[in-house]
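See below for the structure under consideration.
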Amino acid sequence: HGTSRINAKGHLEIGGCDVTDLAKEFGTPLYIVDEALVRQRAREYMEAFRETGLRFQVAYASKAFCVMAMCRLAEEEGMSLDVVSDGELYTALQAGFPPERIHFHGNNKTPEEIEMALNANIGCFVVDNFMELSLLNAIAAEHGKTVNILLRVTPGVEAHTHDYISTGQQDSKFGFDVGNGTAFKAVEEALKQPQLKLLGVHSHIGSQIFEVDGFRMAVEKVAAFSIDVRSKLNVTFPVINLGGGFGIRYVEGDTPLPLGTYVKAITDAIISEFTAADYPLPEIWIEPGRSMVGDAGTTLYTIGSSKDIPGVRKYIAVDGGMTDNPRPALYESKYEAILANRANDEPSEVVSIAGKCCESGDMLIWDLKLPEARKDDLLAVFCTGAYNYAMASNYNRIRRPAVVFVKDGRADLVVARETYENIVGNDIIPERLRKQA
Ligand code: LLP
């Protein structure tokens with residue numbers, strides 16, 4: 001899918017680049033991002049919204065993959081940006097992302113983070129709790145600024161991958177609970193803060209969601225809440241944010257909907273709920289992360305050792321693992337992969353792909369059908385664009401891989417492979433431990 005195909009040499013090609021050439025030029029493990037596919041995803045969202053005639057913002061949830069080149073891409077595609085930390089904010093600002101299109105999330109923003117965002121004049125803070133309401137107001141007052149805020153609410157809809165329940169969500173570290181009146185109190189509190197301009201409410205029901213019902217239910221709850229607030233406090237919200245969570249296909253059996261279908265479900269529900277109450281139609285914001293970059297990413301590894309336990313299992317080890325993709329170890333996430341340098345060879349055995357970390361749990365894929373793999377073959381693992389580089393670590397002091405954007409036969413390095421200097425860069429040997437000359 002995307003621009004991926006198998007070329008005449010039987011090699012995987014992405015963005016017009018033969019991945020065996022990419023391996024030679026940039027080394028492995030290597031994250032490869034299909035730039036055209038990322039842009040296509042952005043356009044699917046933007047176009048689906050444009051068709052509705054509603055005012056909207058599509059804020060890329062940068063936590064999925066936050067590097068400066070990606071911020072540039074999001075900006076070029078007309079998106080806004082959701083950041084959740086000083087590091088993500090810094091990355092966006094360094095990339096020159098328009099601050100007025102940055103939204104700042106998080107359940108424990110520090111005073112330093114708030115200052116940094118205020119100084120940059122970002123577009124909106126998504127306020128998570130009462131402490132943050134007063135802290136933000138106080139810091140804004142010191143700076144003589146008024147700031148736009150949304151209140152993050154938990155609407156009482158919990159979306160799992162396949163099903164959702166309408167009660168459990170109350171038990172969440174995020175946001176103000178609608179069901180028990182906390183969210184209403186938060187609105188009253190926000191209205192009392194002179195430096196805060198309340199734009200509306202935010203709801204995020206979960207991630208990797210394949211159905212629209214959870215989003216519809218969230219809209220119903222948020223609309224009912226907004227209507228209640230209007231009737232009791234005579235305040236209308238100009239903005240409603242429905243968060244992210246739109247699913248992607250990692251493996252057979254994953255059944256995401258076309259991105260426009262999620263948008264249409266949300267906007268249809270908004271239009272019907274708010275129109276029925278004669279409520280001015282709010283601007284709609286969403287925050288897709290995974291669905292913007294997930295299936296545009298491929299990780300390329302070189303195969304090294306293997307271990308065959310006859311009658312039990314054959315392990316094939318690659319030159320990366322949980323350090324570049326912790327998701328299988330953390331969430332038991334499933335991935336598909338092929339031999340990228342012999343992509344037309346028929347699968348002939350079932351193997352399990354191990355990483356190189358000193359830990360038994362460092363497995364990338366269990367029971368994968370592959371042609372008989374040899375040392376130095378290249379393994380391409382698909383759908384690694386989201387929450388892979390973003391969650392990578394230096395466990396075992398392994399250097400983080402490079403990231404390249406590929407498009408129209410060009411490959412551009414957007415993150416360099418870490419160096420040994422990077423690995424020891426922050427280490428300090430105290431005087432008393434230094435070797436005497
Ligand atoms: N907005 C908010 C407030 C969020 O908390 C999240 C994700 C998103 C948007 C983006 O959701 P997405 O469209 O990517 O599903 N590390 C996990 C995923 C954690 C998602 C956290 N919040 C993983 O690797 O699956």
key: Check: the chain dipole with +1 on Lys, Arg Cβ and -1 on Asp, Glu Cβ, in debye   = 580 debye
request  = Subtract the Cα-Cα distance of Lys232 and Ser360 from 0.36 nm times their separation in residues, and report this length gain in nm to one decimal.
outcome  = 40.3 nm
key: Exposure proxy ranking, count of Cβ atoms within 10 Å, fewest first, for Asp408, Asp18   = Asp408, Asp18
task = Taking amide H positions as placed in the peptide plane 1.01 Å from N, state which residues far from Cys124 in sequence (5 or more) or on other chains have amide H under 5 Å from it.
result = Ile102, Phe104
inquiry  = Which one, Val212, Val351, Asn234, is farthest towards the positive end of the dipole of the chain when Lys and Arg carry +1 and Asp and Glu -1 on their Cβ?
reply    = Val351
query = Once you charge only the Cβ atoms, +1 for Lys and Arg and -1 for Asp and Glu, what is the size of the charge dipole of the stretch 297-375 about its Cα centre, to the nearest 20 debye?
reply = 100 debye
inquiry  = For Lys375, give me every one of the lysines with a C-alpha distance below 25 angstrom, ignoring sequence neighbours fewer than eight places off in its own chain.
reply    = Lys9, Lys24, Lys307, Lys314, Lys334, Lys356
query = Counting each DSSP H run of 4 or more residues in the chain as -39500 (n - 2.57), what helix-only mean residue ellipticity at 222 nm follows after dividing by all residues, to the nearest 500 deg cm²/dmol?
reply = -9000 deg cm²/dmol
task = Pull up the cross-link candidates among the aspartates and glutamates for Lys369, meaning alpha carbon to alpha carbon under 14 Å and not fewer than 8 places away within one chain.
result = Glu252, Glu336, Asp345, Glu346, Glu349
message = Going Cα to Cα from Lys109, which lysines come in below 22 Å? Please leave out same-chain ones fewer than 8 positions away.
response = Lys63, Lys145, Lys173, Lys185, Lys192, Lys197
Dipole magnitude of the stretch 164-251 about its Cα centre (Cβ charges: Lys, Arg +1; Asp, Glu -1), debye to nearest 20 = 240 debye
note = Fewest to most Cβ atoms within 10 Å: Tyr331, Tyr301 sort as Tyr331, Tyr301
remark   = TM-like helix rule applied to the chain (DSSP H, alpha carbon span at least 18 Å on the long axis, mean Kyte-Doolittle at least 0.0) gives 130-142, 213-233, 259-276
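All of the numbers you see were taken from the coordinates with simple rules; none came from a lab. Bear in mind that the values here come from a model prediction, so they are computed numbers and not experimental data. Here Cβ is always computed from backbone atoms with ideal geometry, including for glycine, and neighbour counts include all displayed protein chains.
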